[in-house]
Structures are given as structure tokens and as C-alpha cells.
1. Under 20 Å from a point 7 Å along the Cα-to-Cβ line of Leu149: which residues of region 102-122 have their amide N that close?
2. Give the distance, in whole Å, between the Cα centre of region 165-224 and the Cα centre of region 227-304.
3. Would you mind pulling out the separation of the Cα centroids of region 402-458 and region 51-66, in Å?
4. Quick check: residue separation of Ile305 and Ser340 times 0.36 nm, minus the Cα distance between them. What number comes out in nm?
5. Ranked by Cβ crowding within 10 angstrom, fewest neighbours first, how are Met402, Met245, Met236 ordered?
6. For region 8-58, would you read off the P(r) tail past 16 Å as a percentage of all alpha carbon pairs?
7. With r defined as the distance between the Cβ atoms of Leu182 and Val347 and R0 fixed at 35 Å, what FRET efficiency is calculated, to the nearest 0.05?
8. Can you put Glu281, Glu220 in order of Cβ neighbours within 10 angstrom, beginning with the fewest?
Amino acid sequence: MAQDRRGEWGSRLGFILAAAGSAVGLGNVWKFPYITGENGGGLFVIIYLICIAFVGLPIMIGEVMLGRMTKRSPVGAFRKLAGDKTLWQGVGWIGVLAGFVILSYYSVVAGWALEYTVLAAKGEISGGDPATLAGRFDQVAGDGTGAILWHVAFMALTIAIVIGGVQKGVEIAARVLMPMLLLMFIALLVYASQLEGFGEGLSFVFGFHTDKLGAGSVLEALGHSFFTLSVGMGAMLTYGSYLKMDDDIVSASVAISLLDTAVALMACLVLFPITFTYGMEPAAGPSLVFQNIPIAFAQLPGSTIWAVTFFLLLVFAALTSAISLLEVTASYFIDERGWSRSVAVPVTGGVIILLGVPSALTASSEVFGAGMEGAIGKNWFDLFDYVSSNWMLPLCGLGVSMFAAWRLGDEARRVQFEVGSRLGKLAGLYVTWLQVLRWAVPIAIVLIMFHAIGLFEM
Ligand code: PHE
Ligand code: NA
């Protein structure tokens, strides 16, 4: 039976670790700080936190539920619950498609991190003046062939792990690496707090200022809350499908969201003090973490070891997220098309490798890079990132929330919410969650989307 072939998490903690591994990734350390920088910090961070608590987290609970109830990946889950001939399947489809799109450029960034790990080990980014270290990123990203090779290397790693079955690999990797990543950030935070620019960094991130907030900023905060929590594309649904019937979904979702948010905020509190201390640009874009971290480490004794550890952890954080992305694309073909895992994983992985090539070339090529910006306002890399996180994830998340809140039977839904969970049985929590999912979530998503396409001024 399909169910038996899919297996379950090995331990109670397995799901939390794997799901946290999926959530915590480049979104926290690379993307959140740079979009916070571009949107001027302050109010953007507040809007993001509101989106996490009132949109992302409620949807995560619903999404994990749908996975556990159906034991399917996204398309199959909707097919099983809503029937064959309905539009609900489309929600699952958007998710699978988003998996292809996101992993294709995610892997390019992870490839940069992989290359930085090697550069660090060779001692090439652990000394020298800030300007040289910052310039290093343009060399790395600007070398198209190199970017493609590192992208392929990272995808090969991801494919190898997912073929072998996720459970063991991911559970063990996450168990060791998550605590290390946290410790690393705590150490970095101590370092950053000694810097001259710490106060300025702090007020940049947490101060109330609206200067750079544009029409698209709210959509970007919303989109990123989906991206960072891995919701709105079926990754959490798929991981939920390996969950035992009596595990506590509510507490796990809360824990994952808190951990993810903590890492994202810590990353900002490390990167912006460095930015201001060394007179760099907070709106540096995708290069932010790659330029700032080597500059900070160059000042420390043992900078080589610091740099190798940091970028290695970044690679691992990216890997546990990439695994969940590839698991979604592959499990569609395994569950719905009857492919074997050893065929589905390399085939979808291969498609993703090809899809990522233009993103890898973006920084170096006229065709996919600067030349295109005039015509459509974004290069390939930015376009993929923009469309997937800002539109596909919220749309699929909208579908998940509508389905979980309006279509599921109340009895079954309540059992899913409360089983094994002291938190889930807290008086009023279930009803509050349901009302938020029924009304607040869809209204917020639709209003923010209308606003972003200029239908009305907010
Ligand atoms: N949550 C991951 C991160 O923040 C990215 C991701 C998105 C993973 C969607 C899976 C699904 O890096
Ligand atoms: Na994240």
C-alpha cells in the first residue's frame, strides 16, 4: 500500500526537527536580513511578525493537518478530500510548481554558500580590508560557469539525500545541526553587541520608521512569512503526512514558528551592526550576508575557523530546506503517478537543475541579468523569487486555509487540533484558530494582493 511505502517519522521529535530544518534556512539568514534592509527595517519587521503570528502559523497548523489526514502530498491530499473533478487540486498544483521554481534559485544561493565554505577553508576570505572582502562576492556571483557548477553540486547533494529516504538523513542532520546553528548565532550576537554600530543596527531593525516602505512591501512581508515557515506549497503538508496520528500538531507548529523567527531576528541583529560599523549599505540586496560576515570575521582571531563554520552551517541549513522542497516535487510523481523514488527524485531534481541555470547566470549575463531589468523590471533570479514567494505561496496558502477552515468536517478537524496536545485543548484556542483561518487569513491575503496590484490605496 502507498501508505506503508511512505513511512513515518522515527521519533516524536523527528517531525519537529525535520520541519524546523525545512523552515530554518536561507530565508532566515540570507533573505530576511536583505529584504529588511531594502524595506528600511522598522515597520517592515513589525508587519512581518504580524504575518507570521496571524497568517503563517494558523495556515501551518491547517496544512500539517491536511497532510496527516490524507497521508498524501499536496495534489493527492486535495484529490482525496475534495474529489477528482474539483478545482481544489489546483491549489496542490500551485504548491508543486512553487517547489520547482523556488528550489531552482534557492540552490544557486546555496551554491554560493558552498563556494564560500571552500574559499574560507583556503583562507581566502578571512583577512584583508573590507572593500576587498566585499568585492569578493561580485567575483563569485559574477562567474557564471562557477555559479552553475556550485549549483549543480548542491543539487547533487540534495538529490543524493532525498533518494536515500528523508527520515533518517534529515532527522539526524537536523538534530545535530540546529543546535549548532543556534549556538553560532548566539556567539555572533555577543560579538555584534560589542560593535560600535550595534545601537544603530538595533534601532534599524526594531525602531519605528516607515521611510522605505513601498506599495509592495506589505506583500513582500506576507510572502516572506510563507517562505520562511515553508508554508503555502505543501512542504509542511508533505512532512505532516509522515506524522503519527497522536502527535501534537499545535505545539510543534508554535515551536517551529518561534525558532524560525528567533533565527531570523538574530541574523538581523548580527548583520546590521556589522553593516553600520563598517560603513556598508543596508540595502545591499542578496550580497548582504556574503559580504558582511567575512568582514566581521576578518577582525577576529581564528577568523578562518569562524568563517568555515559559519558558511558550513549555512550550507546545512539550506540543505535541510532544499530536501523538503525536492521532497514535494518528487512525492507528487511518487504518489500520483506511481513513479519509484529512485526515478522521481533524479528526474525532478534534473529539471530543477536546468531551471536554475538562468538564475546562476543572472549576475554575469546580459540576457538574464541587468539587460532584462529594463524590460520587465526584474532579472530572472529576482523574478523567480518574486513570483514564487509573493504570489504562488500566498495563493496556495489561501487555498489551504479556505479548505481546512470551511470544507473539513468540524469533528475531524477538532480531533486533529486537540489530539496529544495540552496546548490544543486550551479553552477557546481551537475556536479562535478556526475563526482566524476562516476570516482574517483570507481577507488579509486578498486585500494585500489587491493593494499590491494597485486596485486601491491603503
Ligand atoms: N523555509 C525555507 C527558508 O526559510 C525555504 C523554504 C520555502 C523551504 C518553502 C521549503 C518550502 O529558507
Ligand atoms: Na525560514
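1. Those under the cut-off are 107-122.
2. If you average the Cα positions of each part, the centres end up 4 Å apart.
3. Result: 8 Å between the Cα centres.
4. Working: separation 35, 0.36 × 35 = 12.60 nm, distance 4.16 nm.
Here the answer is 8.4 nm.
5. Details: Met402 18, Met245 11, Met236 31.
Listed from fewest to most nearby Cβ atoms, that is Met245, Met402, Met236.
6. On the way: 725 of 1275 pairs.
Within region 8-58, distances greater than 16 Å cover 57 percent of Cα pairs.
7. On the way: r = 36 Å, r/R0 = 1.02.
E between Leu182 and Val347, to the nearest 0.05, is 0.45.
8. Numbers: Glu281 12, Glu220 23.
Result, fewest neighbours first: Glu281, Glu220.
Each reported figure results from applying straightforward, stated rules to the coordinates on display, with no laboratory input. Bear in mind the structure is a predicted one, so any value in this text is a computation, not a measurement. Ideal geometry is used to build each Cβ from the backbone, glycine not excepted, and the neighbour counts take in all protein chains shown.
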